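Accompanying notes for the structure given below.
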Amino acid sequence: MLIKIPRGWERPVEHATPEAVFRNRRALMKSLAAGPILASSSLLLAACDDAPKVAAQPPEPDPSAPLYPVDRNATYTLDRPITSEKLATSYNNYYEFGSSKSVVAESQAIPLRPWMVAIDGLVDKPIEIGVDDLLKQMPLEERLYRHRCVEAWSMDVPWSGFALKALVDFAQPKSDAKYLEMTSFNNPEVAPGQKSSWYPWPYVEGVTLAEAANEMAFIATGAYGKPLPKQNGAPLRLTLPWKYGFKSSKGLVRFTFTDKRPVGFWERIQGREYGFWANVNPEVSHPRWSQATERVLGIDGRVPTRLYNGYGEFVAELYKDMKNERLFM
Ligand code: MTE
């Protein structure tokens, strides 16, 4: 039996339908039938409490495998245990491969090589570079980061990768660049979620150049001392631990320097609920639920959420003159 009732952080259909689809009722019915199954918040909660249904698959041979493990940067520490690898690599959000948390099997269809990365927009020399050539030029390290989803669950992950600032320096943006827009892959042949025109594919997110150059902003290329699993966003995914997880795009193929504020995937779908800044704040509720506490995967009960997910000492300065912005949505 198919139950179609609104789920967790997904928006109500009447608020969220992209205009083009809304205007075409036939397309809407088709995409709803083939697309995401809308479940209730209580169903989401039930799903959260379930053990993962699909076990993580052993990593497939990857040309970047010899690069790992990399040395841990001791600056970034956790005050709770690292989430088990099994949990962190089997409880995922990756809408390209479906709207459930179990996308391990589906995401294995994405080919990781060749994987070209474009660096373009307001830069002196736009380039396209293969991911392995890019990795050779980036200073790899491991960082322990908290990761807080807007759905109010969290985990603690040893990511490997490089500071986003290293990529910014490599790109040499022009002086009028103010934002960095990051675009995920678009390949409906391997990603069933992208067959649904209901969503504004490809997944896009963006940050200010100051945020991109902040030391916390990180591109993860590995996790748990190995190349990044496909379901976690291989071969390149963003990790912005002071922001809600939807800002941390997976499967990145394009970095565009621009003077226009990017409109993110979820902001485009429902700007009332998901904004550009999306900084973690326990005192600012999502319009449909509280952000005061979170459920740490693998740990019983809930813990208080912290402003900037506990990273205020690194990032609060970025926002000191932005009192009129919706910094926490
Ligand atoms: N990136 C892409 N391309 N597609 C997505 O659906 N989901 C986001 C983010 N990045 C998403 C994405 C959300 S909502 C979260 S919480 C994190 O990925 C989840 O990352 P994880 O599965 O590695 O925990």
Tell me the net charge near TYR94. Cut-off is 13 Å between Cβ atoms, TYR94 excluded, with +1 for each Lys or Arg and -1 for each Asp or Glu.
+2
Charge tally for neighbours of SER249 with beta carbon under 15 Å away, counting Lys, Arg as +1 and Asp, Glu as -1, is +2
Compute the signed sum of charges (Lys and Arg +1, Asp and Glu -1) over the other residues within less than 13 Å, Cβ to Cβ, of ASP120.
0
Taking amide H positions as placed in the peptide plane 1.01 Å from N, state which residues far from ARG302 in sequence (5 or more) or on other chains have amide H under 5 Å from it.
none
Taking a cut-off of 28 Å between Cα atoms, list the lysines near LYS101, but don't count ones fewer than 8 places away on the same chain.
LYS4, LYS30, LYS53, LYS86, LYS195, LYS226, LYS230, LYS243, LYS247, LYS250
Report relative contact order for the range 217-329 in percent, whole number only (criteria: Cα-Cα under 8 Å, sequence separation at least 6).
21
Would you list TYR145, TYR68 from fewest to most Cβ contacts within 10 Å?
TYR68, TYR145
Inter-label distance, nm, simple model (7 Å from Cα along the C-beta direction), ARG113/ASP133
1.5
Options PRO200, PHE185, TRP159, ranked by Cα towards positive dipole end of the range 63-319, top entry (Cβ charges):
PRO200
In terms of the alpha carbon gyration tensor, root eigenvalues a ≥ b ≥ c, rounded if a/c is under 1.5 and otherwise prolate when a/b exceeds b/c or oblate, the range 131-200 is oblate
Any idea how far the Cα center of the range 186-243 sits from the one of the range 267-284, in Å?
18
Put +1 on the Cβ of every Lys and Arg and -1 on every Asp and Glu Cβ in the range 63-319; which of PRO235, PHE170, ASN73 then has its Cα farthest towards the positive end of the dipole?
PRO235
Tabulate in residue order the Karplus-calculated ³J(HN,Hα) for the range 113-124, using 6.51 cos²θ - 1.76 cosθ + 1.60 with θ = phi - 60°, rounded to whole Hz; enter x for Gly and Pro.
9, x, 10, 8, 10, 9, 10, 8, x, 7, 10, 5
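Values in this text are rule-based calculations from the coordinates and carry no lab data. Worth saying up front: this structure is predicted, and the values here are computed from it rather than measured. Cβ sites come from the backbone with ideal geometry, for glycine too, and all protein chains shown count toward neighbours.
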